[in-house]
Every structure is written in C-alpha cells, then in structure tokens.
Amino acid sequence: MIECWLSFNNKEEVLQLPVTPFFTVNGTQLNQVVNLYNLGEINLPGQRGLKTLTIESFLPANQYNFLKTNEIDDPFSLCNMIERWKGSRRPIRVIFTETNINLAMLIENFNYGIKDGTRDVYFTLELKEFIFIKARKIAQLPAKKQKKTWTVKYGDTLSQIALKALGDSKKWKQIYSLNKTLIGNNPHTLKHIKGKVLRLE
C-alpha cells in the first residue's frame, strides 16, 4: 500500500500522513513558441520546468481502521508543524512509497480546516520542486610575481638597499651583479645614478 512521508531538515522531523492522500504531480517543459517569417509559429524545445505536487487528505482526530499509523496526534499540532516548516524557507522531502516520487520541495501553500463535527482537519498542501545547487569553485590564476626594483635616492648604498628590500644586507652583491652595467666598476657609491631604478631580483 502507498504511504506518504514528509521529512524536514534531513529527517530531524518526520511525518507519516495517517491517511493515504490524493495527489497530483505536474511537470512542465519550458518550450518556447516563436514566429518565423514564411513559416509561422514553431515550437522550440526547452529545459525541464520544476515539478509541482498537490496533496489532499485529512489529519484524523479519531481512530479509524484505515489509518496508516496507530498513533493519533492532535491534528492542529501537526498543522502547526507544517506551518513551521513552511516558514523556515527550507525544503522538505516528500516520498510516496511504491511510486517514483522522492523529491525535495518547498511548501507553496498550506490550507486546512474542519468540515464536520469529527474535529478531523482536512487540508490541501501545494509544493514546488527544490533544486540543490552546488557552488562551483572558481579557479584562481596564480599571481604574477612582481619584479622587485629600487629607485636610488641620495645616500643609498647597496648594503642598505639589500637590507631594506631583501632583508639581508649580504645580498648587495646580488644587486650589484644584476645592475653592474648601470652602477659601473665601483659598487660602493651610487651618487652618479641617483633617480635610476635598480633590479633587485
């Protein structure tokens, strides 16, 4: 026999509907009709639309021999639970056993009320399919390594530049080697290249 199960927050709360409901599933295809010159209207196939599901049944306040469960809860406490699910803005999972219906869905509408003196609560639950979207990781391009440079100022020496820019005054020889043509044969003075740019690496 077909059973209907509703669950919230990965089965944190589960409700088996005590009365097998009537249900209707609607699935749309987002086709597009366009009007082409000399051809008239043509129908272009589109992507699948979201499924909708309408469930109609009642929550019993009394024990009946056709119920799916022997545990009878207060119908209005169950209504409050469904209302809370709806207000959470999170999907619930709807499963009809012995069918292909096993869907994550958002509650669109929940209407309920009493029709007779039994205190049974009749309801209509309208739902729309929810699609989980996985965030894609955006590949990050490696940052381009910036070539370090130094603009020579009055009073600069290669050892001072090496210490300030490279953290090691002993690397002055490296700087000199990279800029020997500009500096000349005397690495101990930079007065003659004030304002010039030195390569550091």
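Checked against the criterion of being farther than 19 Å from S57 by Cβ, within 36 Å of the chain's Cα centre (by Cα) and in a helix (DSSP H, G or I), segment 89-112 contains not a single residue that satisfies it. Do we have T54 as in contact with a strand residue (DSSP E or B) (Cβ under 6 Å, 6 or more places away or on another chain), open to solvent by 30 Å² or more (accessible area, probe 1.4 Å) and assigned to a loop (DSSP other than H, G, I, E, B) here? Here the answer is no, as T54 does not meet what is asked.
Here R90, R84 are screened, and the one residue that is touching a residue at least 60 places away in the same chain (Cβ under 8 Å) and open to solvent by 100 Å² or more (accessible area, probe 1.4 Å) is R90. Quick check, is F23 open to solvent by 50 Å² or more (accessible area, probe 1.4 Å) and either closer than 21 Å to L106 by Cα or part of a helix (DSSP H, G or I) (or both)? Yes. Out of all the residues in segment 179-190, which are assigned to a helix (DSSP H, G or I) and surrounded by 10 or more Cβ atoms within 10 Å (Cβ to Cβ)? Once the filter is applied, which keeps residues that are assigned to a helix (DSSP H, G or I) and surrounded by 10 or more Cβ atoms within 10 Å (Cβ to Cβ), segment 179-190 yields K180, L182, I183.
Residues in segment 156-178 that are under 15 Å from V197 (Cα atoms) and either open to solvent by less than 60 Å² (accessible area, probe 1.4 Å) or in contact with a Lys or Arg (Cβ under 8 Å, 6 or more places away or on another chain) (or both): D156, T157, L158, I161, A162, A165, I175, Y176, L178.
Results for (1) in contact with an Asp or Glu (Cβ under 7 Å, 6 or more places away or on another chain); (2) hydrophobic (A, V, I, L, M, F, W, C); (3) open to solvent by 60 Å² or more (accessible area, probe 1.4 Å); (4) on the phi < 0 side of the Ramachandran plot, shown as yes or no for each residue.
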| residue | (1), (2), (3), (4) |
| --- | --- |
| L103 | yes, yes, no, yes |
| N109 | yes, no, yes, yes |
| D116 | no, no, yes, yes |
| F123 | no, yes, no, yes |
| E126 | yes, no, yes, yes |
| Q140 | no, no, yes, yes |
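Within segment 19-43, residues that are closer than 14 Å to I101 by Cα have Cβ atoms under 6 Å from residues that are open to solvent by 100 Å² or more (accessible area, probe 1.4 Å) and not in a strand (DSSP E or B) in no pair, counting only partners at least 6 apart in sequence or on another chain.
The values are calculated or read from the model by the stated rules, or taken from the named source; none is laboratory data. Computed from a predicted structure; not experimentally measured. Heads up, the Cβs are rebuilt from the backbone with ideal geometry, glycines too, and the neighbour counts pull from every protein chain shown. These accessible areas exclude ligands, DNA and RNA; they are computed on the full protein's heavy atoms, side chains included. Shrake-Rupley method; radii C 1.70, N 1.55, O 1.52, S 1.80 Å.
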